[in-house]
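For reference, the structure discussed in these notes is given below.
The values are calculated or read from the model by the stated rules, or taken from the named source; none is laboratory data. Remember, predicted model here, so these are calculated numbers, not experimental data. All Cβ positions, glycine included, derive from the backbone under ideal geometry; neighbour counts span all protein chains shown. The area values use the complete protein model at the heavy-atom level, side chains included, leaving out ligands, DNA and RNA. Shrake-Rupley method; radii C 1.70, N 1.55, O 1.52, S 1.80 Å.
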Amino acid sequence: MANPLKNPFSTRHTHPGAIPFFFPPGHDATQLIERLRSNHWWGEIVGPHGSGKSTLLHALIPELNRAGRHTVLIELHDGQRRLPINLEEEIDRKSPSVVIVDGYEQLCWLSRIGLKRFCRRRGCGLLVTSHRETGLPMLYRTTPTPGLAQTIVRYLLRDQPALIEEANLEGCFLRHQGNLRELLFELYDWYEQRANEKEQTEANFGGGPNSSFIV
């Protein structure tokens, strides 16, 4: 049976923070931090489901810390209409803070108003992700492409004796309408199946340990 911990598409390898954000040419985290600074540390990252918004946030947090900003990350899930923490207890009184809300569209309008008022009153920055524009200064728009999916898969498979043909990867991208998270979920299942088939073949026919499989 294949070991899920060795599957390059498992959550431990693909969750935000474990995988880098791949910027298009001409863009990088430093530029975004400077743009955020020029907007008084307020901004929004906008994009569809599974397009890399959370991954980008995790790439920006170390840069914000290096810029002297204390970060408070709040990750919201479906149905969370109010902030799950007391911001008064989370902000740093000695250094300027940036409140980061991943999934800002989940908040009800009253919670959004309260959050903005809190940040203005405390002099905090506010950085959010959303599936649609919310009126904050636009920092970045995540746009998944087949080329980006290929870059991510190549990165995850860099140490693996396995190949995915480009045409099949493009088909997977289209099936999930550009949702990279769902694409990686499918590839997890594919890898488990192929790894199990490979183990069975080696057991039956004595295949070498370096045998590879292609989909």
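So which lysines can Lys198 reach, going by Cα to Cα under 22 Å and dropping same-chain residues fewer than 8 places off?
Correct list for Lys198: Lys6.
Please calculate the 1.4 Å probe accessible area of Thr11, with all protein chains present, and give it to the nearest 10 Å².
90
Can you tell me the relative contact order of the chain? Whole percent, Cα pairs under 8 Å, sequence separation 6 or more.
Relative contact order, the chain: 28 percent.
Which value in nm describes the separation of the simple spin-label points at His40 and Leu174, placed 7 Å from the Cα toward the beta carbon?
4.8
Once the Cβ-Cβ distance between Ile113 and Arg181 is put in as r, and R0 is 35 Å, what FRET efficiency do you end up with, to the nearest 0.05?
Efficiency computed from Cβ-Cβ geometry: 0.70.
Enumerate the residues in region 123-162 having an amide nitrogen under 18 Å from the point lying 7 Å beyond the Cα of Lys6 toward its Cβ.
Hits in region 123-162 for Lys6 at 18 Å: 156-162.
Using only the alpha-carbon atoms, how far is helix 166-175 inclined from the longest principal axis of the chain? Give it as 0 to 90 degrees, nearest 10.
It is inclined by approximately 50 degrees.
Roughly how many debye, to the nearest 20, is the charge dipole of the chain about its Cα centre, given +1 on each Lys and Arg Cβ, -1 on each Asp and Glu Cβ, and no other charges?
For the chain, the charge dipole is close to 1200 debye.
I'd like the orientation of helix 180-205 relative to the chain: the angle between its Cα long axis and the longest Cα principal axis, in ° from 0 to 90, rounded to 10.
Approximately 20 degrees, to the nearest ten.
Put Phe185, Phe23 in order of accessible area, largest first, 1.4 Å probe: what do you get?
Phe185, Phe23
For the chain, with the dipole built from +1 on Lys and Arg beta-carbon atoms and -1 on Asp and Glu ones, taken about the Cα centre, which of Leu180, His70, Ala29 lies farthest toward the positive end?
His70
Nearest 500 deg cm²/dmol is fine: what mean residue ellipticity at 222 nm does the chain get from its DSSP H runs of n ≥ 4 alone, each adding -39,500 (n - 2.57), divided by its residue count?
-13500 deg cm²/dmol, from helical runs alone.
For the chain, take the longest principal axis of its alpha carbons; what is the angle in degrees between that and the long axis of helix 109-122, to the nearest 10 within 0 to 90?
Compared with the principal axis, the helix lies near 60 degrees.
Consider the candidate values [x] 40, 17, 16; [y] 30, 20, 17; [z] 36, 22, 16; state which one is semi-axes √(5λ) of the Cα gyration tensor in Å computed from the structure displayed.
It is the one labelled [x].
How big is the accessible area of Thr145 in square angstrom, nearest 10, if you roll a 1.4 angstrom probe over the protein chains?
Its heavy atoms expose roughly 60 Å² to the probe.
Can you give the accessible area of Arg132, probe radius 1.4 Å, in Å² rounded to 10?
140
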